[in-house]
1. Among the numbered criteria (1) of a type in the set (A, V, I, L, M, F, W, C); (2) modelled with pLDDT of 90 or more; (3) surrounded by 14 or more Cβ atoms within 10 Å (Cβ to Cβ), which one does residue 257 miss?
2. Regarding residue 62, is this residue within 11 Å of residue 109 (Cβ to Cβ), over 13 Å from the mean Cα position of the chain (by Cα) and more than 10 Å from the ligand (Cβ to nearest atom)?
3. Of the residues 113, 177, 118, 146, only one is touching a residue at least 24 places away in the same chain (Cβ under 8 Å) and in a helix (DSSP H, G or I); which?
4. Take residue 93 and decide whether it is part of a helix (DSSP H, G or I), within 18 Å of residue 19 (Cβ to Cβ) and modelled with pLDDT of 95 or more.
5. For segment 65-99, give me each residue that is farther than 30 Å from residue 245 by Cα, out of contact with any Lys or Arg (no Cβ under 6 Å at 6 or more places or on another chain) and near the ligand (Cβ under 10 Å from one of its atoms).
6. Condition check: at pLDDT 95 or above, away from the ligand (no atom under 13 Å from the Cβ), of a type outside the set (Phe, Trp, Tyr) and buried (at least 22 other Cβ atoms within 10 Å of the Cβ). Does residue 153 satisfy that?
7. Hey, can you tell me all the residues within segment 44-90 that are touching a residue at least 60 places away in the same chain (Cβ under 8 Å), part of a helix (DSSP H, G or I) and basic (Lys, Arg)?
8. With respect to the numbered conditions (1) within 20 Å of residue 23 (Cβ to Cβ); (2) assigned to a helix (DSSP H, G or I), which one is the sole condition not fulfilled by residue 212?
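The values are calculated or read from the model by the stated rules, or taken from the named source; none is laboratory data. Since this is a predicted model, take the numbers as computed values, not measurements. Cβ sites come from the backbone with ideal geometry, for glycine too, and all protein chains shown count toward neighbours.
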Amino acid sequence: MAMNSGGPDASGKDVRSEVRRIWNRNSAFWDSKMGEGNAFHRVLLLPALERLMDITPGARVLDVACGNGQLSRWMAQRGAQVIAIDISEKQIEAARSRGNSGEGKIDYRVVDASDQEALAGLGNRNFDVVVCNMAMMDMPEIEPLAGALPHLLKQGGRFVFSVTHPCFNMSDMRRTATESEEGGALIETYGIEIRRYLTPRTGLGFAMLGQPEPQLYFERPLSALVGPFLAKGLVLNALEEPSFTVSEHSGAKWYGWENFPDIPPLIVVRLLKL
Ligand SMILES: C[S@@+](CC[C@H](N)C(=O)[O-])C[C@H]1O[C@@H](n2cnc3c(N)ncnc32)[C@H](O)[C@@H]1O
């Protein structure tokens, strides 16, 4: 994630309209780059999501902030019955236009996940899984989603989310590279510098280099990210921190995440409704 400071206040209708406008504008670019899943998704996210979501044929799933629907289609291929929502009409159009070769059905809808009433209208304690993949850092408010989950999930149902790692992959993090000679060998060392963590921050940044317009990010520390869900009675049940190794993702620039195998760029979290 690369980001500039500033940007609008993190709450309110204007911010949500701006989030929608920007994702509508970036949608065609996003769809062309993401396709059926980029390296981040295939290598880092999917194995962790597969373990934590544990999709079985017939599972009822709500995919929140589905983007171009790549994860919805993956789940439908495993027989899931998916309702997939996004705030951006263009993302939903792109998702629909890609079709569905899976056995499960996908019902795409334009819904703002910060509208708790609209979320609650999507189901009544009938979802096995609610997933929000790489989107909560794009959402100005996550409390409405947390508030809707006890109503949406079955008893024992799972809420699985992934985000850019709040401790390591934030806007004003700096990547560093040093070179030294030690014992006759040339040593390259890659690291990151962190200057801020606890203060939530809103700003503009890029999910993918070359996108038409920077998007809004809403960075939160772990306590603010998980806290709203714990406050609604969900229980933290699993957490994964995947990272790249060189062999999995080669050919990128020096600051590509494959040069930082000991620093996870993402977290994937599962909470349960008990
Ligand atoms: C980084 S994309 C991730 C898309 C998808 N989950 C995936 O993994 O490919 C973030 C998505 O969040 C959506 N989004 C942002 N705020 C939202 C909100 N309040 N309600 C629903 N979708 C939202 C954007 O339109 C965008 O499609």
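1. The failed condition is (2).
2. yes
3. 146
4. Yes; evaluated as a whole, the condition is true for this residue.
5. If the condition is that a residue be farther than 30 Å from residue 245 by Cα, out of contact with any Lys or Arg (no Cβ under 6 Å at 6 or more places or on another chain) and near the ligand (Cβ under 10 Å from one of its atoms), then 84, 86, 89, 90, 91, 92, 94, 95 are the ones that fit.
6. Working: at pLDDT 95 or above: yes; away from the ligand (no atom under 13 Å from the Cβ): yes; of a type outside the set (Phe, Trp, Tyr): yes; buried (at least 22 other Cβ atoms within 10 Å of the Cβ): yes.
Answer is yes for this residue.
7. Within segment 44-90, 51, 90 qualify.
8. Against the list (1) within 20 Å of residue 23 (Cβ to Cβ); (2) assigned to a helix (DSSP H, G or I), residue 212 comes up short only on (2).
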